[in-house]
Amino acid sequence: MKASKIIHHDFERIKLEFPFDLDASRKIRQIEGSTFSDSLKAWHLPYIRQTFMELLYCFPDLDFDNGDFDIFIKTNELKSSDMNETVQMNKNWVMVTPVTVDRIKMFCLKTSPGKELTGIVNQIPGIYWSSGWEGWLLPNTPENLRLIFKEFRGKAWVDTSKVFIHENFKGEKTEKQKKDAVISPHELLPPLSPENETRIIKFMDWLRSTRYSESTVKTYSDSLRTFLRYGSNKNPDEITNIDLIEFNNQYILRNNYSSSFQNQVINAIKLYFRKMEHRILDIEAIQRPRRAKRLPNVLSKQEVEKLLKAAAENIKHLSMLSLIYSCGLRRSELINLKLTDIDSRRGLVIIRDAKGKKDRITPLSDKIVELLRNNYRKNPTKQYLFEGWTQGSQYSERALEEVLKKYVKLAGINKPVTLHWLRHSYATHLLENGTDLRYIQELLGHKSSKTTEIYTHVSNKQLQKIKSPFDDLDL
């Protein structure tokens, strides 16, 4: 492995060059500020002494030019005290990531395992645990960032690389920072009162106890939180239909929020008052938006082939994308698949607890079975069919999206492709091959046949047989 100093996007960085090595990549990923660049085709890290020390600790045979790193070292050797410092930092760490929750900027804190760090985190005022983010959330303010440094000084290595990732050396704001600086209507709302926050937590507990999905729990709680904040934290007992109509007209419509957001908020408010406050607001007093009848986005077979050929450089990525397309899986269904869900002898995939809490089976082609076997030989897993960096952990949805985005670009497909496009393409291509709609409905797990019938509008097999009257003109 060779290390060299580079300038990347106006930052001084340490570039690492080495033949593909999964273990080495895992070690690098754990180092503060590490990033893999598609343009450089290499890992790069912050050009600071702490990072260089960790690299030498993880890779004792690291090859580097003294001229690039002479400000960090003397006589090519680290002092024993430096080595001990690095070992200690590797034991205790706190990662701080900026996130947006209900359109409010927050810090998400994740720590290395240990009661000591958890105890420190719990002492920070205003911090709370979020199962959705799998970390502690704290308002994103300079004061809180200074507090984090103060609380963990000398006790853990605080990784804030993602907090400052958009800053440059001249202190100028990037285009994204300028855009983010524009105050949204949501940010002008008053903060939620502790009493209403408690009500929302109880509502979330009820949603989980009745087995609503985590995405629905998050959507409904965020929607209700916005409504209560708009009403200046009025007690729910005092809220009437007039408040609901005013919120719809003066907040949702006036700020041009989408019809889907409007429906989400209405559904959340309706459910909360019916189940938690045991009274019914007249939701019909609000004119519900008409649902847009949009056609599903579909890739041609040639485009799917180009996409999968681009992913052939990484068998794990190829296996994931191929399985989504070949079985019409949703994103969550893929990452929830376990080794025991693949029945290779019968040629079936068992999809458990899918949307609507339903199980279903879908056929598994011989080509996919062979691809999955080859992937397992190279990337053995413990529990899930595809696992993250840590053995036994689920592959993240966000990482899966990034995988798709990478190969869409490599394949030269100039469309805003999402993972769900592969599911739509699967259904459409089945229909074009003559598969009965009733079977397609079962394979996709649709409750209603009307949902499946939408694919008849994007199948071009019959459309191609229609002759335009323009072709009869003698021009």
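How do 412-421, 105-114 rank on mean C-beta neighbours within 10 Å, highest first?
Per-residue mean Cβ counts within 10 Å order the peptides as 105-114, 412-421.
In whole Å, how far is the Cα centre of the range 103-162 from that of the range 23-49?
23
For Ser260 and Thr198, compute 0.36 nm times the residue count separating them, minus their Cα-Cα distance, and round to one decimal in nm.
Difference between extended and current length: 19.7 nm.
Return a single number: how many Lys pairs in the range 315-403, at a sequence separation of 8 or more or on separate chains, have alpha-carbon atoms below 28 angstrom apart.
20
Arranged from highest to lowest average of other beta-carbon atoms within 10 Å per residue, in what order do the peptides 320-326, 387-393, 240-246 appear?
320-326, 240-246, 387-393
Need one word for the range 301-457: rounded, prolate or oblate. Basis is the Cα gyration tensor (sqrt eigenvalues a ≥ b ≥ c); a/c below 1.5 gives rounded, then a/b vs b/c decides.
Oblate, since a/c reaches 1.5 and b/c is not below a/b.
Quick one: 3J(HN,Hα) in Hz for the range 411-416, Karplus 6.51/-1.76/1.60 with θ = phi - 60°, rounded, Gly and Pro as x.
Couplings: 7, x, 8, 8, 9, x Hz.
What's the ranking of 339-348, 440-449 by average number of surrounding C-beta atoms within 10 Å, highest first? Mind dumping the intermediate values first?
Numbers: 339-348: 13.4, 440-449: 16.4.
Per-residue Cβ counts within 10 Å, averaged per peptide and sorted highest first, yield 440-449, 339-348.
Along the Cα→Cβ direction, 7 angstrom out, place labels at Lys338 and Asn267. What is the inter-label distance in nm?
Between Lys338 and Asn267, the simple spin-label model gives 2.9 nm.
Would you give the gap between the C-alpha center of the range 412-443 and the C-alpha center of the range 325-376, rounded to a whole Å?
A separation of 16 Å, based on Cα centres.
With charges set only on the Cβ (+1 for Lys and Arg, -1 for Asp and Glu), what does the dipole of the range 301-457 come to about its Cα centre, in debye to the nearest 20?
Using Cβ point charges on Lys, Arg, Asp and Glu, the range 301-457 gives about 260 debye.
Spin-label point model (7 Å from Cα, Cβ direction): what's the Gln302 to Ser112 distance in nm?
Placing both labels 7 Å along Cα→Cβ, they lie 5.4 nm apart.
Read-outs throughout are calculated quantities, based only on the coordinates presented, and are distinct from any laboratory measurement. Just so you know, these numbers come straight off a predicted model, no measurement behind them. Positions of Cβ are backbone-derived with ideal geometry, glycine not excepted, and every protein chain shown enters the neighbour counts.
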